[in-house]
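Participant: My questions all concern the structure below.
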Amino acid sequence: MTDTAATAESSSRRFDVARRLRVLTGVDEDLLSRVRYERNKYTALGGVVLGTSVVAAFSMWNFATQALGRVSVLALIPTVIWMLFVLNLDRWLVTPQPNTRRRVGPLLLRLLIALVLGAVVAEPLVLRIFATAVEERVTDQRNDTLDQLRGNLVRCNPVPAGTEAKPGAGCGRYILTFGATPGGQSDELTSLRSDAAALQKRVDRDNNKLEGIDQDVRDECRRLIRIASTGLYQRTSECLRLREKAKDYRATHHTAENERRLEAMNDRIAKIGGRLTTSRSTFLKDRAQGVERRLAKERAEQQEIGVLERMRALDELASGNPVLFVGIWLVRALFVLLDALPVLVKFLSGDSAYDRMLTSESNTAVKIHGERLRLAERRAMADTEIAQDAIEQEVRRSRAESEAAHREHTAAMHIRVRQAVNSLEDELRRTSAV
């Protein structure tokens with residue numbers, strides 16, 4: 001029965017959601033169990049930490065999809081990494097530390113980290129909230145760019161009025177290449193029209209002069225005179241003279257030849273004008289195709305709206321609209337506050353019983369550790385002294401044994417000397433006796 005209860009308690013602790021949330025705050029469950037009434041506080045704080053990490057994940061998801069230009073599974077990789085990073089960073093920021101209230105530096109550092117992290121998390125969310133206005137702004141800017149490009153291409157590639165036509169200022173990068181242009185035909189047509197106009201004036205002047213002479217001829221030749229000898233009527237001599245004058249004028253001024261030349265020139269002008277019209281139509285068609293190719297290339301380079309482009313468009317929108325400017329910064333401040341909320345909740349709620357117990361436990365552990373170190377030091381010193389005494393005793397013992405051995409060796413030598421002396425005396429006595 002006891003084993004079953006222990007198993008049930010272990011299972012309930014394994015799937016305890018509140019306990020899992022408190023893990024995100026870095027508290028010690030064994031120490032917290034002594035102040036059970038503070039569990040709800042740290043459970044709520046764990047929920048705040050989890051919430052900020054979810055907001056950060058959503059922010060990174062928006063940033064990744066905007067950077068890729070589409071919704072992709074690849075965006076999950078930075079999203080999960082960023083969520084875990086923010087989760088662990090917030091957990092480190094709110095983990096209870098002993099003697100925290102006595103040090104302002106770590107508190108300010110943690111608040112600064114939380115604010116900077118909040119600013120990073122807030123920007124993609126702000127871009128997401130104002131995405132419609134930002135995309136409209138970017139689209140308008142791109143359309144203006146395309147319209148300006150189209151205008152420059154048309155301005156810098158006009159229908160050539162002659163072979164000497166030169167592009168305008170600032171047209172270096174807007175010049176298009178064409179296989180053929182109507183410039184040469186236009187020069188020829190202009191020259192031909194100028195010659196035809198001069199010849200037309202000459203023909204008109206000659207015709208007007210000749211018309212006056214012919215009118216005089218008609219007026220004079222209507223008069224007839226009677227010949228007395230024959231009784232017949234004939235033209236006057238003045239009529240004959242004027243007719244001769246008109247004939248000479250036509251011959252000397254080449255009126256008929258000039259009229260034929262003028263007619264031939266007008267026919268040629270008409271033919272060249274027709275070819276020039278066709279050439280201009282072809283040129284305009286080629287120019288339109290070239291402009292569309294450049295515009296298509298520009299559109300391809302624009303592709304999807306990037307993050308930096310969105311940020312620039314958002315700043316431009318805010319700079320021209322005070323209400324929008326205030327709204328954008330309020331949203332930014334909101335998300336910065338949300339991300340800094342775990343640290344603010346932790347350090348603005350004051351010291352709790354758990355914090356004081358943690359400080360006491362930490363101080364006690366430090367003292368115990370110090371005492372243990374001093375005890376270990378004393379034990380080590382005692383062992384060292386004992387070892388030194390043992391070594392000194394061993395040295396003294398070795399010296400005594402060495403001295404005793406030396407004395408024994410000296411005594412043995414004396415004995416051997418005396419024995420040798422005695423033996424020599426005995427040998428001398430025997431020798432003397434013989």
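Throughout, read-outs are computed from the coordinates displayed, never taken from laboratory work. These numbers come from a predicted model, not from an experiment. Cβ placement follows ideal geometry from the backbone for every residue including glycine, while neighbour counts extend to all protein chains displayed.
Participant: Once phi is turned into θ = phi - 60°, what whole-Hz ³J(HN,Hα) does the Karplus curve with 6.51, -1.76 and 1.60 give for every residue of region 213-222, x standing for Gly and Pro?
Facilitator: Here the 3J(HN,Hα) series is 5, 4, 5, 5, 4, 5, 5, 6, 7, 6 Hz.
Participant: Using θ = phi - 60° and the Karplus form 6.51 cos²θ - 1.76 cosθ + 1.60, what ³J(HN,Hα) does each residue of region 361-373 get, whole Hz, x for Gly and Pro?
Facilitator: 4, 5, 5, 4, 4, 5, 5, 4, 4, x, 4, 5, 5
Participant: Oh, and also: Ordered by packing density, taken as the mean number of other Cβ atoms within 10 Å over each peptide's residues, highest first, how do 318-326, 23-31, 397-405 rank?
Facilitator: My ranking of the peptides, most packed first, is 23-31, 318-326, 397-405.
Participant: Sticking with this structure for a sec: Once every Cα of region 361-434 carries one equal point scatterer and solvent is ignored, give the base-10 log of I(q)/I(0) from the Debye formula at q = 0.21 Å⁻¹, two decimals.
Facilitator: Debye curve over Cα of region 361-434, log10 I(q)/I(0) at q = 0.21 Å⁻¹: -0.92.
Participant: Simple spin-label model, 7 Å along Cα-to-Cβ: Thr252 to Arg202 in nm?
Facilitator: So the two model labels end up 1.6 nm from each other.
Participant: Let me ask something else about it. Please list, or write none, the aspartates and glutamates whose alpha carbon is within less than 12 Å of the alpha carbon of Lys346, excluding same-chain residues fewer than 8 places away.
Facilitator: Asp90, Asp355
Participant: Just check region 288-434 against the gyration tensor rule for me: Cα atoms, a ≥ b ≥ c as the square roots of the eigenvalues, rounded for a/c under 1.5, and otherwise prolate or oblate depending on whether a/b exceeds b/c.
Facilitator: Note, shape of region 288-434 comes out oblate.
Participant: For Lys297, which lysines qualify as cross-link partners when the Cα separation must be under 20 Å and same-chain residues fewer than eight apart are set aside?
Facilitator: List returned: Lys285.
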